[in-house]
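Below: one structure, written as structure tokens.
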There are 2 protein chains.
Amino acid sequence: MHMRMTSQREIILKELQDSHQHLTADELYERVKKFMPRISLATVYRNLETLSEAGIIGKLEISGRQKRFDADVHPHDHIFCLQCQRVDNIEFDRNLVNPAAVASDKGYRITGYRVEFKGICSSCRNNQEKKRDGDEQ
Amino acid sequence: MHMRMTSQREIILKELQDSHQHLTADELYERVKKFMPRISLATVYRNLETLSEAGIIGKLEISGRQKRFDADVHPHDHIFCLQCQRVDNIEFDRNLVNPAAVASDKGYRITGYRVEFKGICSSCRNNQEKKRDGDEQ
DNA sequence: ACCCCTTATAATAATGATTATCAATTGTAA
DNA sequence: TTACAATTGATAATCATTATTATAAGGGGT
């Protein structure tokens, strides 16, 4: 598993780290273009895949929507906003879930699990309230 | 929310129920075609969406793969096979997870959560062993 | 049975996200 | 500096899903 740290790769990784967000490939593409105007979207996809295979970043595959990538690779869970699609980390005690307790079920060998919360984020809630107030006047 | 139970709708629902599986839209399409050869794939998608909106079936959106549908709507969690993509129910005590405990986090209003296990199912494990045995001879 | 109105259908085009292809370029190592 | 493998940019292809649209049913009410 040798992988050259090319300049494209480096910039993509740095942008993701600096963002402190869970970005999609095309969001990252837009950001990275500022430094490398000739970079291709395919290169962004390819390198995000390579980096996540190498365990340098995480890949988030949340319920039926666009993949997002995460510079934070320590095991943790996420919450997403049903309205604006944003994804945030969530504090959740993963010790509460014991894979061994369900391991026998159906004969699977369990290799991992994730907990995915959904809801409405605070800024979308605020927007809704503003809109409601506006309607009422 | 009135919805006519058309014959297409009825057959799709019945096939899903009788399957006792978590089928994709195109798997269901193949099955339903045996009874309605002229049915369209779009009709299957449309009706699965309608039925799940009405709460008659469940829609499973599992980590970055094709949607699957579930005739069992009681709250429960799933496990999927990394190799063959099959999805099974999992026995998992949902009381272990307390949304209220994470609700304050980031100001989200949490409306739901799901726990998703992954692993290798027993038949894929068996196949691997068979293959390994074959290689060793 | 006939008309009206709404909803659903089949066929197919369009979309959006992602992956594959491939010729050209670059990095590295002998 | 030659030679090989990995990577890139450009773009085509793919896959799952949704949108479009003309046509066809499904129910009333008369």
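Do we have any residue at all in the stretch A:58-69 that's modelled with pLDDT of 95 or more and either near DNA strand D (Cβ under 9 Å from one of its atoms) or away from chain B (no Cβ under 14 Å) (or both)? No, the conditions are met nowhere in the stretch A:58-69. Against the list (1) within 19 Å of residue B:64 (Cα to Cα); (2) assigned by TED's automatic domain parsing to the domain that holds residue A:127; (3) away from DNA strand C (no atom under 15 Å from the Cβ); (4) without any contact (Cβ under 8 Å) to a residue 24 or more places away in the chain, the condition residue A:85 fails is (3). For first residues located in the stretch A:40-62 and touching a residue at least 12 places away in the same chain (Cβ under 8 Å), partners that are surrounded by fewer than 15 Cβ atoms within 10 Å (Cβ to Cβ) and not in a helix (DSSP H, G or I) and lie 6+ apart or on another chain with Cβ distances below 7 Å form the pairs A:50/A:3; A:54/A:1; A:54/A:3; A:55/A:73; A:57/A:73; A:58/A:72; A:58/A:73.
For the stretch B:1-90, which fully contained helices (runs of 4 or more DSSP H) count at least 2 residues that are of a type in the set (S, T, N, Q)? Correct list: B:7-19, B:41-53. For the stretch A:76-124, the tally of residues that are touching a helix residue (DSSP H, G or I) at 6+ places or on another chain (Cβ under 6 Å), charged (D, E, K, R) and open to solvent by 70 Å² or more (accessible area, probe 1.4 Å) stands at 1. Summed over the stretch B:27-73, residues that are over 18 Å from residue B:117 (Cα atoms) and either open to solvent by 70 Å² or more (accessible area, probe 1.4 Å) or within 12 Å of DNA strand C (Cβ to nearest atom) (or both) total 26.
Name the residue that is nearest to the other protein chains (Cβ to nearest Cβ), counting only residues in the stretch B:1-20 that are more than 13 Å from DNA strand C (Cβ to nearest atom) and buried (at least 17 other Cβ atoms within 10 Å of the Cβ). Filtering first and then ranking leaves B:16.
The values are calculated or read from the model by the stated rules, or taken from the named source; none is laboratory data. Quick caveat, the model's predicted, so the values are computed rather than measured. Here Cβ is always computed from backbone atoms with ideal geometry, including for glycine, and neighbour counts include all displayed protein chains. The area values use the complete protein model at the heavy-atom level, side chains included, leaving out ligands, DNA and RNA. Shrake-Rupley method; radii C 1.70, N 1.55, O 1.52, S 1.80 Å.
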